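Taking it in order: structure first as structure tokens, then the write-up.
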Amino acid sequence: MFRIIQFKIPAAQFEKLIEDQPTTTRRFYDKAGDLARIDGFYVSLPMSTTSAQFFECEQYLRSLVGDPPHLIDDVTATFSLLRTRAPKDYDYSYVITVGTMPGEFGEERLVAIPKRSVEYQSGRYSSGMYTPIDCR
């Protein structure tokens, strides 16, 4: 089963890692995307636990802090899972591709979309005749 997560690292801890292990910290930062500083934490963009990005970030964190589960915030409940044939070009930046599969009429994708944006993103897909299917 997949989850949508964000890495959430206490700011003081992350800033110390930048001083102590700058190369590995930079690699994590580059792979995690734009880290935002929120309420005393550095928070990554949401990502699927099925993605290469997740596995690479997790490995960098393991080398920095050991086992990182305490640094993972599960945000799956704030996302909806949809199936679409729409090309990736139809995705806005908040869409997370969970996986792809061959379909009867071409490649299909499973995408996670923040619940607040499902209607808007679905309209974008439908504008190209790629009406998505809710996978609840």
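A few remarks follow.
- Being under 30 Å from Thr23 (Cα atoms) and either surrounded by 15 or more Cβ atoms within 10 Å (Cβ to Cβ) or touching a Leu at 6+ places or on another chain (Cβ under 9 Å) (or both) holds for only one residue in Pro114, Pro68, and it is Pro68.
- Tabulated pairs, the range 95-116, first closer than 15 Å to Ala52 by Cα, second loosely packed, with under 13 Cβ neighbours inside 10 Å, C-beta under 6 angstrom, 6+ apart or interchain: Thr100/Glu107
- Residues in the range 71-80 that are part of a helix (DSSP H, G or I) and surrounded by 12 or more Cβ atoms within 10 Å (Cβ to Cβ): Leu71, Thr76, Thr78.
- Condition check for Asp34: closer than 23 Å to Glu119 by Cα and either of a type in the set (Ser, Thr, Tyr) or outside any strand (DSSP E or B) (or both): no
- Single residue of the range 90-111 satisfying the filter (modelled with pLDDT of 90 or more and assigned to a loop (DSSP other than H, G, I, E, B)) that is surrounded by the fewest Cβ atoms within 10 Å (Cβ to Cβ): Ser93
- Matching option when the condition is part of a strand (DSSP E or B) and either without any contact (Cβ under 8 Å) to a residue 12 or more places away in the chain or under 30 Å from Tyr125 (Cβ atoms) (or both), among Gln53, Gln6, Gln59: Gln6
- Which listed residue, of Ala86, Ala52, Ala36, is loosely packed, with under 12 Cβ neighbours inside 10 Å and touching a strand residue (DSSP E or B) at 6+ places or on another chain (Cβ under 9 Å): Ala36
- Phe28 in contact with a strand residue (DSSP E or B) (Cβ under 7 Å, 6 or more places away or on another chain), of a type in the set (Phe, Trp, Tyr) and assigned to a helix (DSSP H, G or I): no
- Residue check for Leu45: closer than 30 Å to Pro22 by Cα, hydrophobic (A, V, I, L, M, F, W, C) and assigned to a loop (DSSP other than H, G, I, E, B): yes
- Qualifying residue in the range 117-130 (condition: surrounded by 16 or more Cβ atoms within 10 Å (Cβ to Cβ), outside any helix (DSSP H, G or I) and under 17 Å from the mean Cα position of the chain (by Cα)): no
- For Gly33: the one exception among (1) under 19 Å from the mean Cα position of the chain (by Cα); (2) modelled with pLDDT under 95; (3) assigned by TED's automatic domain parsing to the domain that holds Arg116: (3)
The values are calculated or read from the model by the stated rules, or taken from the named source; none is laboratory data. None of the values given here were measured: they were computed from a predicted structure. Here Cβ is always computed from backbone atoms with ideal geometry, including for glycine, and neighbour counts include all displayed protein chains.
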